[in-house]
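Chemist: I am attaching a structure below and will ask some questions about it afterwards.
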Amino acid sequence: MTNPLFYAKILLFGEYGIIEDSQGLTVPYSFYKGALKFSALDSEFEKKSNHHLGKYAEYLRNLELPEGFELNVSEFEKEIAKGLFFDSNIPQGYGVGSSGALVAAIFERYSVTKYIPENISKDQLKNLKKVFGTMESYFHGKSSGIDPLICYMNLPILIENKESVDKVSIPKSEEGKGAIFLIDSGSVGETGPMVQIFFEKMKTEGFRKTLKEEFIRYNNACIDSFLKKDMNPFFRNLKKLSHWAYEHFRPMIPESIFNIWKKGLDSNAYYLKLCGSGGGGYILGFTKDYEKAEKMLDGFHKEVIYRF
């Protein structure tokens, strides 16, 4: 059995905004990965994973996929009985796509039609996103399908709006003083409750207005300038985005991060933003001078994901 690896993903921009039609930019992150494997299920981890796959197979058995897509669920069930499990080091509840990688791995192995990610057209991407959305809904209640799509494609993806996504190339990471990095908040986040808070906030007109007029504008401007590697407007809009989140996404910012978020805004040494839905897990950091930011963030576990 070949074991294709499925990497974690990081949503650099677009958290919550993509629900309301903002753009999003998401990249694969190869530090964390998962693959379907067979074993005698001796360890507790393998046993648990195999059991979860069995439950998921029941869900897939009754799932109606969009026309033209079909999964060989019988084969999946047979292999679960033979000791199939998902061997993954992707942390759950950290906003880096643990369920997305699992869904991508299952689709790749059991989809009746086989695809070559590099050759997938924009229209096919749109349809795959729908398929992945229905498959991943098992884990989150409602899914956009973006996470599994990124994990499956293993390429940076630009989310143009709710309906449309496209492959995109991001500027090459190169050794420089600047960095994009992850900070471990030290706690696990749950997507469901955070999304619920967001929808509650969306019921107030003031929040809807500021999200559309400010958040989405700053978010899209960040994506545009990052893809052009135009770093001055990038950091200008990033500061506005970080400040907006500090004011309006407070319930989603883990308590352990609250003070350092403000410290970044006050000092301009770095700016923080949510990585996925927040509430725990990772937080994203951006800085023009990583050495300086690292000293200021002493005591927090950090992982650099991109240099410039």
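The values are calculated or read from the model by the stated rules, or taken from the named source; none is laboratory data. Since we're looking at a predicted model, the values are computed, not measured. Ideal geometry is used to build each Cβ from the backbone, glycine not excepted, and the neighbour counts take in all protein chains shown. The accessibility values were calculated without ligands, DNA or RNA, using every heavy atom of the protein model including side chains. Shrake-Rupley method; radii C 1.70, N 1.55, O 1.52, S 1.80 Å.
Chemist: Structure shown: which of Lys263/Lys292; Lys239/Lys262; Lys9/Lys130; Lys9/Lys209 lie over 20 Å apart, alpha-carbon to alpha-carbon?
Modeler: Numbers: Lys263/Lys292 13 Å; Lys239/Lys262 11 Å; Lys9/Lys130 18 Å; Lys9/Lys209 30 Å.
Pairs exceeding the cut-off: Lys9/Lys209.
Chemist: Right, next: At a Förster distance of 41 Å, what's the computed FRET efficiency of Lys82 paired with Leu227, Cβ-Cβ distance as r, to 0.05? Show your work: numbers first, answer last.
Modeler: On the way: r = 45 Å, r/R0 = 1.09.
Rounded to the nearest 0.05, the efficiency is 0.35.
Chemist: Please work out the Cα center distance from the range 274-308 to the range 99-120, rounded to the nearest Å.
Modeler: Cα centroid to Cα centroid, the span is 31 Å.
Chemist: To the nearest 20 Debye, how big is the dipole of the chain about its Cα centre, given +1 on the beta carbon of each Lys and Arg and -1 on that of each Asp and Glu? The partial results should precede the final answer.
Modeler: Working: 40 positive and 40 negative charges, 129 e Å.
Approximately 620 debye in magnitude.
Chemist: Taking only DSSP H segments of four or more residues, each worth -39500 (n - 2.57), what value at 222 nm results for the chain once the sum is divided by all its residues, to the nearest 500 deg cm²/dmol? Can you show the working numbers first?
Modeler: On the way: 11 runs with 134 residues, N = 308.
-13500 deg cm²/dmol, from helical runs alone.
Chemist: Using +1 at the C-beta of Lys and Arg and -1 at the C-beta of Asp and Glu, which of Ser185, Cys222, Val168 has the Cα lying farthest in the positive direction of the dipole of the chain?
Modeler: Of the options given, the answer is Cys222.
Chemist: Given the C-alpha atoms of the range 94-189, compute the convex hull and give its volume per residue in Å³.
Modeler: Details: hull volume 12.9 nm³, N = 96.
Each residue corresponds to 135 Å³ of Cα convex hull volume.
Chemist: Taking every Cα atom in the range 223-308, find the radius of gyration and the maximum pairwise distance Dmax, and write them in Å.
Modeler: Both quantities, over Cα of the range 223-308: 12.4, 34 Å.
Chemist: Another one. Where only protein heavy atoms count, and the probe is 1.4 Å, what is the accessible area per residue for the range 198-263 in Å²?
Modeler: Numbers: 3430 Å² over 66 residues.
So the range 198-263 comes to 52 Å² accessible per residue, rounded to a whole number.
Chemist: Right, next: Using 7 Å Cα-to-Cβ label points, what is the Glu175/Arg250 separation (nm, one decimal)?
Modeler: 4.5
Chemist: Another question, if that's okay. Over the chain, what percent of the accessible surface lies on carbon and sulfur atoms, probe 1.4 Å?
Modeler: Working: 7010 of 14350 Å².
The value for the chain is 49 percent carbon and sulfur by accessible area.
Chemist: A follow-up question, please. So how do 28-41, 145-158 stack up, highest first, on mean other-Cβ count within 10 Å? Don't skip to the end; give the middle numbers.
Modeler: Numbers: 28-41: 17.1, 145-158: 24.2.
Per-residue Cβ counts within 10 Å, averaged per peptide and sorted highest first, yield 145-158, 28-41.
Chemist: Be a star and scan the range 112-136 for residues whose amide nitrogen sits under 13 Å from the point 7 Å along the Cα-to-Cβ vector of Glu163.
Modeler: 123, 126-127
Chemist: Name the residue farthest towards the positive end of the dipole of the chain from the options Val195, Trp244, Gly276, assuming +1 on Cβ of Lys and Arg, -1 on Cβ of Asp and Glu, about the Cα centre.
Modeler: It is Trp244, whose Cα lies furthest towards the positive end.
Chemist: Only four residue types carry charge here, +1 at the Cβ of Lys and Arg and -1 at the Cβ of Asp and Glu. Report the dipole size of the range 165-267 about the Cα centre in Debye, rounded to the nearest 20. Don't skip to the end; give the middle numbers.
Modeler: On the way: 17 positive and 14 negative charges, 66 e Å.
Using only the charged Cβ atoms, the result is roughly 320 debye.
Chemist: Not counting ligands, DNA or RNA, and with a 1.4 Å probe, what is His243's accessible surface area in Å² rounded to the nearest 10?
Modeler: 90
Chemist: Ok, one more. Spin-label point model (7 Å from Cα, Cβ direction): what's the Tyr59 to Phe199 distance in nm?
Modeler: Taking the simple label geometry, Tyr59 and Phe199 are separated by 1.6 nm.
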